[in-house]
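Notes follow once the structure below has been shown.
A short reminder: the numbers here are calculations on the coordinates, not readings from a lab. Fair warning: this is a prediction, and the values are worked out from it, not measured in the lab. Neighbour counts are summed over all protein chains in view; Cβ atoms, including those assigned to glycine, are modelled from backbone coordinates with ideal geometry.
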Amino acid sequence: MTVPFWCVLIAGLLPYVWVTVAQQERRKQFGSADNKLPRLQEAQLQGRGARAMGAHNNAFETFPFFAAGVVVAHLCNADPGWSADIAIAFVILRIAHGVLYVANIDIARSLTFGLGQICTIALFVLAARA
């Protein structure tokens, strides 16, 4: 399996990291996690828990675009070195994004989001130039 494909796997698992943080916050804020109506309880989260849910949702929202970029770059025989570097950068930026989101550092978080999106676009550009 190529490095970019490993990055797709890691990016696909990141939402579950952030929802685990949110789950811990649900227990702190509400005494337990309601597994029958979790979304209702999640909607009531505040502070760190709400931000962890935001990171969770955002990780799911950015994943399809990135995964498609990796697959398209691979199918078009884009430069494997550049594809790997860009995919790794995306994963690092997405990890940083989640950490910054939970830590409530909004401007840096937005910057990592934008740079991550640029990485995904760069994969498509690599594909187009291949």
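Brief remarks on what is shown
- Residue list for segment 75-95, restricted to those being touching a Leu at 6+ places or on another chain (Cβ under 9 Å) and either of a type outside the set (S, T, N, Q) or under 27 Å from residue 54 (Cα atoms) (or both): 76, 78, 79, 82, 86, 87, 89, 90, 91, 93, 94, 95
- Residue 13 part of a helix (DSSP H, G or I), free of Cβ contacts under 8 Å to residues at least 40 places away in the same chain, closer than 26 Å to residue 67 by Cα and not polar (S, T, N, Q): yes
- For segment 46-91, the candidate set comprises residues that are polar (S, T, N, Q) and not in a helix (DSSP H, G or I); within that set, the residue that is nearest to the chain's Cα centre (by Cα) is 46.
- Subset of segment 34-66 (residues that are more than 16 Å from residue 23 (Cα to Cα), hydrophobic (A, V, I, L, M, F, W, C) and in contact with a Ser or Thr (Cβ under 9 Å, 6 or more places away or on another chain)): 65, 66
- Hey, residue 72 of a type in the set (A, V, I, L, M) and touching a residue at least 60 places away in the same chain (Cβ under 8 Å) or not: no
- Qualifying positions in segment 96-112 - part of a helix (DSSP H, G or I) and surrounded by fewer than 18 Cβ atoms within 10 Å (Cβ to Cβ): 99, 106, 107, 108, 110, 111
- Top-ranked residue in segment 66-75 [being buried (at least 16 other Cβ atoms within 10 Å of the Cβ) and hydrophobic (A, V, I, L, M, F, W, C); ranked as nearest to residue 130 (Cα to Cα)]: 73
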